[in-house]
1. Kindly establish whether A:Ala162 is within 21 Å of A:Pro296 (Cβ to Cβ) and touching a Pro at 6+ places or on another chain (Cβ under 6 Å).
2. Pull up the stretch A:18-65, narrow it to residues that are farther than 16 Å from A:Ser5 by Cα and of a type in the set (A, V, I, L, M), then point me to the one that is surrounded by the most Cβ atoms within 10 Å (Cβ to Cβ).
3. Tell me which of these A:Gln273 doesn't satisfy, since it passes every other one: (1) at pLDDT below 95; (2) within 14 Å of chain B (Cβ to nearest Cβ).
4. Return the residues of the stretch A:27-58 that are part of a loop (DSSP other than H, G, I, E, B), in contact with a Phe, Trp or Tyr (Cβ under 9 Å, 6 or more places away or on another chain) and within 14 Å of chain B (Cβ to nearest Cβ); say none if nothing qualifies.
5. Filter the stretch A:145-199 for residues that are among the β-branched types (Val, Ile, Thr) and either assigned to a helix (DSSP H, G or I) or more than 14 Å from chain B (Cβ to nearest Cβ) (or both) and give the result.
6. What are the residues in the stretch A:202-240 that are more than 22 Å from A:Ala149 (Cβ to Cβ), hydrophobic (A, V, I, L, M, F, W, C), part of a loop (DSSP other than H, G, I, E, B) and under 18 Å from the mean Cα position of the chain (by Cα), if any?
7. Please determine, by comparing only the residues of the stretch B:89-112 that are assigned to a helix (DSSP H, G or I), of a type outside the set (D, E, K, R) and touching a residue at least 40 places away in the same chain (Cβ under 8 Å), which one is nearest to the other protein chains (Cβ to nearest Cβ).
8. Would you point out which residue out of A:Val75, A:Val69 is farther than 29 Å from A:Val354 by Cα, in contact with a Lys or Arg (Cβ under 6 Å, 6 or more places away or on another chain), in a loop (DSSP other than H, G, I, E, B) and among the aliphatic types (A, V, I, L, M)?
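The values are calculated or read from the model by the stated rules, or taken from the named source; none is laboratory data. Keep in mind it's a predicted model, so treat the numbers as computed, not measured. Here the Cβ positions follow ideal geometry from the backbone for every residue, glycine too, while neighbour counts run over all protein chains shown.
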Amino acid sequence: MSKKSGFMKALKCRECGREYPLEATHVCEFDFGPLEVAYDYDKIKKSLTKDALAKRPQTMWRFRELLPVAEEPTVGTGVGYTPLVKADRLAKWLGVREAWVKNDAVNYPTLSFKDRVVSVALSRARELGFDTVACASTGNLANSVAANAASAGLDSFVFIPADLEEGKILNSLIYGARVVGIRGHYDEVNRLCAEIAGKYGWAFVNVNMRPYYAEGSKSMAFEIAEQLNWKLPQHTVAPMASGSLLTKIHKGYQELIKLGLAKDTKPVVHGAQATGCSPISAAYKDGKDFFKPVKPDTIAKSLAIGTPADGFYALKVMKETGGASDDVSDDEIRDAMKALAECEGIFTETAGGVTVGTAKKLVASGKIPAEDSVVLCVTGNGLKTLDAVQGHVGKPDEIKPSLREFEELIEPDLKVKTK
Amino acid sequence: MAAKKKAAKPARKAAKKAVRKTKPTAKAKRAANPRKTARLWLMFPQRLITKPVVWELSQKFPVITNVRQASVTGEIGLVCLELDGLANDVKKAVAWLERRGVSVEPVEINVIES
């Protein structure tokens, strides 16, 4: 196990501020508050400069001083630096002056933003001497852990509810992960996974490695800022499941300000949810700083967390930055997925539909002023949720091998075009 | 009859001995039902907010209850509870809480992610 700590100082409780050693631990023993990585920003300031960045490869690890690894990363070294697409046609659909899409639907290697958090968790797990990694997941996280562990030669366990669809299981099995289905209702599975995480000496990425894992999300904010030539966006819309991504995007922007890499232009962060699972958005609308747990019922399965662990902190960030939250129905999610595909050629999964659909609502309600600029965080690929749009995107026309039939078919379209 | 009785006695003794042999030792019992501490978030729906559920739990099951954090409003009650006891008792206590209508999650809250 490495004794080095790199640019990290300690793990710190978000509630009481107590500090803990940089080990695989995740809650404060005093008040059970979540632990977060604290950094030595003076040391980082000397190392992370724009000149230094110019010489580094285009992956998320170019910001490695602000990521919780002690030495050079060893897992997922090619992750990140996904395109930031200027989305003029989508901006018109949204009704806003300028829109950008941060497209993690093409993140490497498993086509979701989870590759960011997993590569950080696994790199740190290796530094701490683990040879087995694990997670409890119903989708993107499982795929990413399985793939990144395979490429690093680590053993992996993936825990899933036993009734999960076969397609989602295959996406983890293919990488040789040991996939364990657990029978029982959601809370039982949840409790057992927490127990397993506590009992075995494994790096459970979203349990004992969580303080490191969650920090990976900040890289999305760093990249957005650099891709906008070090100007922080006026507005950022992020999807909310646990609420962690939104809080880390905010933390990422604040760190860049602290290091003098970007000016403090008061970036506003907004949160998007699906109406069928909207505890954070509902709390925001009610003006409360706590949320009521809900039973999820939405096509946006990757955001279906009824008791969001970081919900309280996400609400706090939105309040602090002047951000807002809204939610969209299943039909609005599909419409937004289609709009993003038709306007920008980007096929996102349902979570991306939630982000785009919610952004449209926020523009319509004036929470994002029409004359402003907005960055939308698209976190996963549409190929993973084909069932959500099946039967909602029309059918192909079918003709005999006859030119006459083809011409009859397209005649109405041609008439419209020549008008 | 007498001969039969005589023959039956040793057979019963042997059977008793066999039962004794298969009875688990205290060590085996402890291994099968070890002591454990569960760290849980309990969520009380509105109708249960005024009920002394944690007290009831401690009366019904031989577990040590330790409230580590709590936030109770008119709408929802959130209690972070440590439950210490034999694994089976802790399991039964959690099942009882759920039957009572309290949602019980690990202190990590959501371990299962998408």
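1. So A:Ala162 does not fit the description; no.
2. Ranking the candidates gives A:Met60 first.
3. Just one mismatch for A:Gln273, condition (1).
4. Answer for the stretch A:27-58, where residues must be part of a loop (DSSP other than H, G, I, E, B), in contact with a Phe, Trp or Tyr (Cβ under 9 Å, 6 or more places away or on another chain) and within 14 Å of chain B (Cβ to nearest Cβ): A:Cys28, A:Glu29, A:Phe32.
5. Result: A:Val145, A:Ile169, A:Ile174, A:Val189, A:Ile196.
6. A:Met240
7. B:Val94
8. So the residue among A:Val75, A:Val69 that is farther than 29 Å from A:Val354 by Cα, in contact with a Lys or Arg (Cβ under 6 Å, 6 or more places away or on another chain), in a loop (DSSP other than H, G, I, E, B) and among the aliphatic types (A, V, I, L, M) is A:Val69.
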